[in-house]
Amino acid sequence: DLDHVLRDRAGLHGPWTAPRSSCLSAHRERLMAALYALRVVLAMGLATGFWFATEWPSGPSFLLFLAIVCSLLSLLDHAENLGRAFLKSVVFCFVASFIELFWILQKGEGFLFICLALGLFLVPAAYAYTHPRLAGSAIISMLLFYGLVAPANPMVYDINVFLNNALAFLAAA
C-alpha cells in the first residue's frame, strides 16, 4: 500500500507513473454489475418520486437511509440473504429507541443520566462491534438507535417526528 501511495504522490507532484490496477477490472460479470446498478437507480428513483409526490417530512431521512442500505449491501456477495436479518435489526432498533425515548429518558435529567440511559443500548452494541461477524449490524444498529432517539439539549419528545423517522427507516430497509 505504501508503494501505491508513493506512486500516487509521484503522479501528483512529479512525473506520471503507470496507473495501478483497479478493483473494477477484477470483476468479470459486467452484466450482473449493471443489473445491481439498475436496481439501486430504480430504488432511489422510486423513493425520490414518493417523497416528492407525498411531501413526506421524513423523506430526506428515507433517502439517506436507503442510500446507506444500498451502499452497504452492494459490498456483499449475497445481499439478498441479509434482507430479513437487516429488517429484524431495524425493528429491534425501533423498539429499543421507542422504549429509550418515551419511557427511560423522560424519567430523569442531566448529563450523567442521559449517558447511562444511552449506554443501555450503545454499550452492548459497541461490544457486538468487536466481533467480526456482528460488526456490520452493530454499526447500523447504533446509527439507527442514535438517529431515532436524537438526543439534544433540550430533548424533544414528539411522537409524530419519531414515528415518521421510524417509518422512513423501516421503509428504506
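The values are calculated or read from the model by the stated rules, or taken from the named source; none is laboratory data. From a predicted model like this one, the values you see are computed outputs, not experimental measurements. Every residue, glycine among them, receives a Cβ derived from its backbone with ideal geometry; neighbour counts consider all protein chains shown. Each accessible area value is taken on the protein alone, full model and side chains, heavy atoms only, with ligands, DNA and RNA left out. Shrake-Rupley method; radii C 1.70, N 1.55, O 1.52, S 1.80 Å.
Contact map, segment 118-137: first residue polar (S, T, N, Q), second residue surrounded by 12 or more Cβ atoms within 10 Å (Cβ to Cβ) and assigned to a helix (DSSP H, G or I), Cβ cut-off under 7 Å, separation 6 or more or different chains; pairs are Ser137/Ser89. Per this entry, Ser141 is not counted among residues that are within 20 Å of the chain's Cα centre (by Cα) and under 28 Å from Ala33 (Cβ atoms). Going by the conditions given, is Ala152 touching a residue at least 12 places away in the same chain (Cβ under 8 Å) and out of contact with any Cys (no Cβ under 9 Å at 6 or more places or on another chain)? Answer is no for this residue. Does segment 60-75 contain any residue that is at pLDDT 85 or above, surrounded by fewer than 10 Cβ atoms within 10 Å (Cβ to Cβ) and not in a loop (DSSP other than H, G, I, E, B)? Within segment 60-75, none of the residues are at pLDDT 85 or above, surrounded by fewer than 10 Cβ atoms within 10 Å (Cβ to Cβ) and not in a loop (DSSP other than H, G, I, E, B). Quick check: is even one residue across segment 105-118 part of a helix (DSSP H, G or I), under 26 Å from Ala172 (Cα atoms) and not basic (Lys, Arg)? Checked segment 105-118: at least one residue is part of a helix (DSSP H, G or I), under 26 Å from Ala172 (Cα atoms) and not basic (Lys, Arg). Annotation note: of Ala10, Ala37, the sole residue that is at pLDDT 70 or above and over 27 Å from Ala138 (Cβ atoms) is Ala37. Annotation note: of Ala26, Ala79, Ala18, Ala53, the sole residue that is at pLDDT below 85, among the small types (Gly, Ala, Ser) and either closer than 30 Å to Phe162 by Cβ or open to solvent by 90 Å² or more (accessible area, probe 1.4 Å) (or both) is Ala79.
Somewhere in segment 93-102, is a residue at pLDDT 85 or above, in a helix (DSSP H, G or I), among the aromatic types (Phe, Trp, Tyr) and open to solvent by 90 Å² or more (accessible area, probe 1.4 Å)? No: segment 93-102 contains no residue that is at pLDDT 85 or above, in a helix (DSSP H, G or I), among the aromatic types (Phe, Trp, Tyr) and open to solvent by 90 Å² or more (accessible area, probe 1.4 Å). Pairs linking a residue in segment 105-116 that is modelled with pLDDT under 85 to a residue that is open to solvent by less than 50 Å² (accessible area, probe 1.4 Å) and among the hydroxyl-bearing types (Ser, Thr, Tyr), with Cβ atoms under 9 Å and 6 or more positions apart or on different chains, do not occur.
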